[in-house]
Each structure stands twice: as structure tokens, then as C-alpha cells.
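The values are calculated or read from the model by the stated rules, or taken from the named source; none is laboratory data. Keep in mind it's a predicted model, so treat the numbers as computed, not measured. Cβ coordinates were reconstructed from backbone atoms using ideal geometry, including for glycine residues, and neighbour counts include every protein chain displayed.
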Amino acid sequence: MQFGIQLNPQVSIEKKPEALLPTLVEQVRVADSVGFGAVSMGQHYNIPGYQRLHQVPLLARLCAELRRSAIGTATTLLGLHHPVAIAKELATLDVMNEGRSFFSFGLGYRQQELDAFGLTKADRFRRFIEGIEIIKRLWTEDDVSFSGRQFVLRGVTIAPKPLQKPRPPIWIAANGDKSVCRAARVGDGWLIGPHSAIEELEGQARLFRKSWTEAGKLPEAASLVIIRECFVAPSREEAVEKARPYLEKLYRDIYVKWGQDEAMENPDELKWNFENLARHRFLLGSPEDCIREIREYEKTLGVALMLVRFDWTPGLPQESILAAIELFGREVIPRCNGGGGAKA
């Protein structure tokens, strides 16, 4: 399995803006130096009480810190944007990082984001589906014309195109069964979010592969990528003691308020007690604990790339985050055959 770091650029509005970039630069430098093969981050808008640096400008700045890692989006909310702009921005990222990139597109689930853009859920869905097709064509063709319900293009070209050939992979973020089937049909792989446990994901992985082959795609070409919350320490007791208060607040408070539970197959999962919530959902413990859990993901789901998130909202102190990144890179990645960058 390969490993990447999933950044969290979202912090309290009380934190000084000038401190946001140095915090993330430091995390990326450490991750790139200890064996992580990818750097990624998500995208959100309209979050009262919180602030976050914007996805594409931040990733572009972070390219300057990378010596070996791929860079990518996990996830871009494509239904909120115009695909020509997204195709151009992400092609630029691929060029800036010398052809080492990957991108994930998702619908999003927060009504506050739709309201900010003046869109309905139906608008969002149509823009998402049409946008995927348009971006694929803009990355591989010149003079693209398209006529849809949301977008009309006549003779559009972007240059430069991505260095990666034929184009960077596009993974589709999906939670429910219908969206997992859609990911198999329209994407190059399925991006699995951090919120569901292995027991639920096992059936969805079978459903994804069934839909993938029914779409006429080669079984060996299917990519499963997963985001997991992680905190590693010398002992499980220390890891749980440090991480539990922050993870409980994130899942019990923020995600429920955002409606993430409503986007899941079982809306009650995020209300479970911490032991049940953490089981097969978080990488939490000693290096040996994390390795055992990672091997379960390989065996049960066939995951190829794991994007590990050490920083949450609210977040641990920076020194604790950096120590966990270093320990994971030193003790976990070499024993799980990781590293080497993210591949399509």
C-alpha cells in the first residue's frame, strides 16, 4: 500500500491568518521527508466560525516544498464550479508538480455551500456529471465543444495540458451505494471518505467492482483510495488519550451539525460510543496497532492508497502532529511497503 497525508487547512476563526500557511508547510516538509508519497486536501465554503486557506492556491504553494510526493485534491466540489476553470487550475498543478498529481471530485453535502453559490441540489448534480466529461476532454483534446443542460462550450482549448499522460486520474468521492456505483461508471476510481468503517465499506467495495466491470472496465484497473483519521504514539493508551477529545468533537459536533451523518448509509454511526466509533474507522494506537489495521484494509477492501489525516478541527498541538507524522513514516510506512508516490 502507498500512503499520503491528508491536510486539514480548517481552523478556528480566532487563529491568526498569518500562522495558517507556516503550520501546513511544516507538516508537508516532514511528511515528504519521512516517506509519504502524496499530499492532498479537501475543499469547503461558507463555514461560520472557521477559516481555511483555499484549495488550489494552497496546493500550488505546497508544490515548492515537495521533493518526491504527488499532490492532489481530496476532494474538489465540482458541482459548485465551472469545469473550464477547474480543468485549467488542476492542469496547472500537474505541470507545477512535474506530472505527479491526482484529483478527486465530489458532490458535497452541505446546504450552506449550495446556498452560497445560489445552486439547487439538482443544479449541483448536473454540473458535476457534465463537468467530469468536460474536464476529461479538455485534458486530452483541443477545440472541445459540448452542449448540456448546465454548460455549453464551443471550440474551447486549455494549454498547457497536464504533463501526466493520458491525463491525471480522477477519483470520485462517494458515500452511499448509488454514488459508489456512479463512481465506478464515471471515474478512474473510488475515493472513500473517513467516516465509514470497514464493515460497511466491504459490501460497497464489492458493489463498486461489480459496477466497474459492468461498465466494461478492466478489473485490475480499478483504484480504491481511502482517507483515514490517524494518530500514532508509542502506545495505544497514549494515542487514545491525546486524540480522543479532538476526534469526538469533530465527529459528534462538527460533522453532525454539517449533516454528514445524513449522507451516510447508517446515519446513527457518528453517535456511537467512542470505542465503536473508532473501531475499523480510525488508525489509532502504536505503530503495531496501525499496521494491523492497515493490513485489514488491504485484505478486506483492496485499498491501494491511504490518505492519512493527523490534524483535525479542532486540532492537536503542532508538536504532537509532527511527532505522529514522523513516527508513522519511520515505523509504519516501511513495514507496509508504502511510499513511492501516488499512481493512477
Can you find even one residue in the range 218-225 that is at pLDDT below 95, surrounded by fewer than 19 Cβ atoms within 10 Å (Cβ to Cβ), within 20 Å of residue 75 (Cβ to Cβ) and not small (Gly, Ala, Ser)?
no
Test of understanding: among 35, 79, which residue is modelled with pLDDT of 95 or more and over 18 Å from the mean Cα position of the chain (by Cα)?
35
If residue 263 satisfies all but one of (1) among the aliphatic types (A, V, I, L, M); (2) modelled with pLDDT of 80 or more; (3) within 19 Å of the chain's Cα centre (by Cα), what's the number of the condition it fails?
(2)
Under 27 Å from residue 62 (Cα atoms) and of a type in the set (D, E, K, R): does that describe residue 100?
yes
Would you confirm whether or not the range 152-164 contains a residue that is closer than 19 Å to residue 40 by Cβ and either surrounded by 21 or more Cβ atoms within 10 Å (Cβ to Cβ) or in contact with a strand residue (DSSP E or B) (Cβ under 8 Å, 6 or more places away or on another chain) (or both)?
yes
Name the residue that is farthest from the chain's Cα centre (by Cα), counting only residues in the range 124-155 that are in a loop (DSSP other than H, G, I, E, B) and farther than 19 Å from residue 106 by Cβ.
143
For the range 166-183: of the residues being touching a residue at least 40 places away in the same chain (Cβ under 8 Å) and either charged (D, E, K, R) or not in a loop (DSSP other than H, G, I, E, B) (or both), which is surrounded by the most Cβ atoms within 10 Å (Cβ to Cβ)?
171
Only one of 99, 108 is at positive phi, part of a loop (DSSP other than H, G, I, E, B) and buried (at least 20 other Cβ atoms within 10 Å of the Cβ). Can you tell me which?
108
Are there any strands (runs of 3 or more DSSP E) wholly within the range 1-69 with 2 or more residues that are closer than 19 Å to residue 191 by Cβ, and if so which?
2-7, 38-41
Take residue 91 and tell me if it is out of contact with any helix residue (DSSP H, G or I) (no Cβ under 9 Å at 6 or more places or on another chain), in a helix (DSSP H, G or I), closer than 23 Å to residue 160 by Cα and not charged (D, E, K, R).
no
Going by what's in this entry, would residue 71 be described as of a type in the set (A, V, I, L, M), within 23 Å of residue 120 (Cα to Cα) and surrounded by 17 or more Cβ atoms within 10 Å (Cβ to Cβ)?
no
Are any of the residues in the range 184-193 small (Gly, Ala, Ser), outside any helix (DSSP H, G or I) and over 21 Å from residue 40 (Cβ atoms)?
no
Among the residues that make up the range 198-213, is at least one of them surrounded by fewer than 22 Cβ atoms within 10 Å (Cβ to Cβ) and assigned to a loop (DSSP other than H, G, I, E, B)?
no
